[in-house]
Structures are given as C-alpha cells and as structure tokens.
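Written out below as structure tokens is the structure these notes cover.
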Amino acid sequence: MTQEYYTKKLLPDYIKALGNARLGDSSKSYYLMEDHDPSHGTKTTHNIAYRTKDESWISRIAHPPQSPDLNPTEGMWNILLQRTEQRILHGNSRLKDREPLEEEWDGTKSHLKKILQQEWDKIPQSEVQARIAEMPWRCKEMMRTGGLACKSRLW
C-alpha cells in the first residue's frame, strides 16, 4: 500500500468517523494505533500521511513493530482464518447451525475471495470488542514476561 492510497482512500473514512465520535462525546480521547508500515507515514514527519493526520488533530499511538500480541487485528485475522479454513475443508458439514447453508468452495481464487468476504462479514462486533477489551491484560502480560508471546482463550 502506498502513502497516497492510504491518505486518499483510507484516512478520510477514519477522519470522518473520528469527527462524528468527537461531536457525540467531546470528553473522550480518541487515538489511532498504527504499526510502522511506511504507508502510514510514521517514520518521518515530512510526508502527506503524517501531515494529514496532524491537520485532522489525530492523536497517534506508536505500535511496536512485529508485535502481533498487541494488535487486536491479529485476533480478527485468526477468526477469519479459522472460519474460512473450516468452510473450505469441511464444507457445509460444520454449518448446520447457520442458515442458509453456504455453497462449498469451487477451488477458484475468485470464489476464495468471496468466501473470505462472507466470513469476514459474519464476524459480530462483539467479537471485535472482546479482543479490544483484552488489550489491557495483554499489555500487562507482555510487560510481566519481558515481551514474550502471550496466549489467551481468545487468541
């Protein structure tokens, strides 16, 4: 991903959501947590991504690179991977509790993309929030163990 794409396609949605949240409750602080992907403009202050966030009053939290245990998105990827894998390997046999039964993977890349999107769309917000709520524990655990990987019942 390029800084230009990030700044023109992704940041505007975040900036809009942040503005709406601030209008709804200005007493709360909101932060954007990013890793050190070059497209995020976190390595220097002389780039379009950094300037856009600065001009939009976006407070940032520096995320340590290569720290998946401190990134709730990793927990979401785990859910997506498990559910997609189950669907592809076991087809509808594990989906009897879901209606309607999904079509089985036909082996094509385009159908895999469709399945990934369908499984992603089924992840409820409560599962996202559960992984975020676990972050204080994860931070303490990482400090307690000196940065060793941590495992919880969720991920």
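No value in this document is a laboratory result; all are computed from the given coordinates. Remember, it's a predicted structure, so these values are computed and weren't measured experimentally. Every residue, glycine among them, receives a Cβ derived from its backbone with ideal geometry; neighbour counts consider all protein chains shown.
Given the alternatives (1) 18.8, 54; (2) 18.1, 50; (3) 19.6, 71, Rg and Dmax of the Cα atoms in Å as computed for this entry is given by (1). Averaging the Cα positions of each part gives two centres, and for the range 103-122 and the range 1-61 these lie 31 Å apart.
Close amide H partners of MET33, meaning residues 5 or more places away or on another chain with modelled amide H under 5 Å apart, are ILE61. The length gained by stretching the chain between LEU154 and ILE58 to full extension, at 0.36 nm per residue less their Cα-Cα distance, is 31.6 nm.
Computed from label points 7 Å out along Cα-Cβ, the spacing between LEU10 and TYR31 is 1.9 nm.
Among ASP54, ASP106, ASP35, the residue with the largest mean-square fluctuation in a Gaussian network model of the chain, with springs joining Cα atoms closer than 10 Å, is ASP106.
Checking the Cα-Cα distances for LYS9/LYS43; LYS28/LYS140; LYS28/LYS53; LYS28/LYS151; LYS16/LYS113 against a 26 Å cut-off, the pairs over it are LYS28/LYS151; LYS16/LYS113.
Across the options SER110, LEU80, HIS40, the greatest Cα extent toward the positive end of the charge dipole of the chain (unit charges at beta carbon of Lys, Arg, Asp, Glu) belongs to HIS40. Count Lys and Arg as plus one, Asp and Glu as minus one, and take only other residues whose Cβ is under 13 Å from that of LEU18; the net charge is then +2.
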